[in-house]
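The values are calculated or read from the model by the stated rules, or taken from the named source; none is laboratory data. Since we're looking at a predicted model, the values are computed, not measured. Quick reminder, even Gly has a Cβ in these numbers, built from the backbone with ideal geometry, and neighbours come from all protein chains shown. With ligands, DNA and RNA removed, areas are computed over all heavy atoms of the protein, side chains included. Shrake-Rupley method; radii C 1.70, N 1.55, O 1.52, S 1.80 Å.
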Amino acid sequence: MARISFRSTTVADESAITALLQQAHGAAYAHPMFERRHLYWKYWEPLEGWHGSRSYVLTRNSEIIAHAAVVPAVCSSRTDRLKLLHVIDWAARADRRGAGNTLMQHIGTLADAIVTSDGGDAALRLLPFMGFTQSNTVVTTYARPVRPLLYLDGGERPRWRLVARCIRNTIWALRARPGTSGAWRARAVPTAQVATASIPWPAAKHGTAILERSAGVMSYWLQCPAAPMELYALENGAATEGYFVLAFAPGQARLADCWLDSEAPAAWEALVHLAVRQATRHAQVAEVAAICSEPLLAGALERCGFHARAARPLFVRAAHGIRFPATAIRIQMLDDDTAYRHSGSRLLWA
């Protein structure tokens, strides 16, 4: 009789995991994201607040039939702290029906809730059958073109569509307000200085729950091998009042994470303007992208020339007896794999 088992993975499983992901998702998974050094960083590199591997498999005898990895986080609201796992890289063999659901059941025992807001349309349609429900959080993607002519270098066909896209993005870029940052300025923080930088990490306020940050976790992200990342402290005069993180994929700078200890709309606009300014210092950046799930940042992005491109709900599978926050949860790119996921070629959002 076949023996079904659930276990965490080791480096020895790398080839089998890659093969399963390629089988499930096709050529999209045959790119730099699955180089050995990136898989090690994503699944097995030590991470503050988590012990051991962040990659799990379901096996039938010794054969891997389903896989999922997790991005751990602590969700903090005014009343609770919940242990969350954002599921990424999940796949199951097509001929092993129910394997994905069984895997999710096992992963669900590792935290108060597991969440996801990404994946293909077919994968998202399966989530309700795996016990996921829609939360009150909606994650919206945004983009702002900054070098419209670079869109002409894309491989889109027919050519007229590429030209039309370039013209539209030129109009968007010209309409974006140049903006001023006033007394605000951005100061680059090297990885070696994160622990002593006195950066105010997110706190539960502004009417939303947040996913906690720390110097140790931020240092881990800054070592991502797939997409270089830069951390900036946001200073208003002599005081450090926030930060932002930029990640760089082909042709795109991503506002991967940000926080500001203020409810003033002008202050959030200054954050966005400074992030765009730093992003455009890189000559190959055609656009700046962001995701957002709360009104303060959304308003600042839209006033600074960003355009909403898509929106999806955050799906949640809470453990028995756990009350998930009714308020919106502040989701950023660092909370799953959006900050660094790319195919090795340009895939622009605008």
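Looking at (1) in contact with a Cys (Cβ under 8 Å, 6 or more places away or on another chain); (2) surrounded by 13 or more Cβ atoms within 10 Å (Cβ to Cβ), which is the one condition that is false for L149? Single failed check for L149: (2). A count restricted to the range 33-85 and to residues that are within 21 Å of A227 (Cα to Cα), without any contact (Cβ under 8 Å) to a residue 40 or more places away in the chain, open to solvent by 10 Å² or more (accessible area, probe 1.4 Å) and touching a strand residue (DSSP E or B) at 6+ places or on another chain (Cβ under 9 Å) stands at 2. Residues in the range 299-328 that are closer than 25 Å to I114 by Cβ and in contact with a Ser or Thr (Cβ under 7 Å, 6 or more places away or on another chain): A310, A311, R312, P313, L314, F315, V316, F324, P325, T327, A328. The set of residues from the range 324-340 being part of a loop (DSSP other than H, G, I, E, B) and either farther than 16 Å from E287 by Cβ or aromatic (F, W, Y) (or both) comprises F324, P325, A326, T327, A328, R330, I331, Q332, D336, D337, Y340. With the structure loaded, tell me whether R125 is open to solvent by 30 Å² or more (accessible area, probe 1.4 Å), of a type in the set (K, R), at pLDDT below 95 and assigned to a helix (DSSP H, G or I) or whether it fails that test. So R125 passes the test. Select from the range 86-107 the residues that are of a type in the set (G, A, S) and either closer than 20 Å to C224 by Cβ or not in a helix (DSSP H, G or I) (or both) and write down the one among them that is most open to solvent (accessible area, probe 1.4 Å). That would be A94. Scanning the range 159-212 for residues that are over 29 Å from L82 (Cα atoms) and part of a strand (DSSP E or B) yields W184, R185, A186, R187, A188, V189. Residues in the range 186-204 that are surrounded by fewer than 15 Cβ atoms within 10 Å (Cβ to Cβ) and on the phi < 0 side of the Ramachandran plot: R187, A188, P190, A192, Q193, A195, T196, A203. Looking only at residues of the range 328-350 that are hydrophobic (A, V, I, L, M, F, W, C) and at pLDDT 90 or above, we find that the one that is most open to solvent (accessible area, probe 1.4 Å) is W349. Within the range 205-233, residues that are farther than 20 Å from A253 by Cβ have Cβ atoms under 6 Å from residues that are assigned to a strand (DSSP E or B) and aliphatic (A, V, I, L, M) in these pairs: A209/I329; L211/A73; E212/V74; Y220/L47, counting only partners at least 6 apart in sequence or on another chain. Checked across the range 227-241, the condition of being part of a helix (DSSP H, G or I) and either surrounded by fewer than 17 Cβ atoms within 10 Å (Cβ to Cβ) or aliphatic (A, V, I, L, M) (or both) holds for no residue. Checked against the criterion of being surrounded by fewer than 22 Cβ atoms within 10 Å (Cβ to Cβ), hydroxyl-bearing (S, T, Y) and either out of contact with any His (no Cβ under 7 Å at 6 or more places or on another chain) or under 16 Å from W259 (Cα atoms) (or both), the range 286-304 contains not a single residue that satisfies it.
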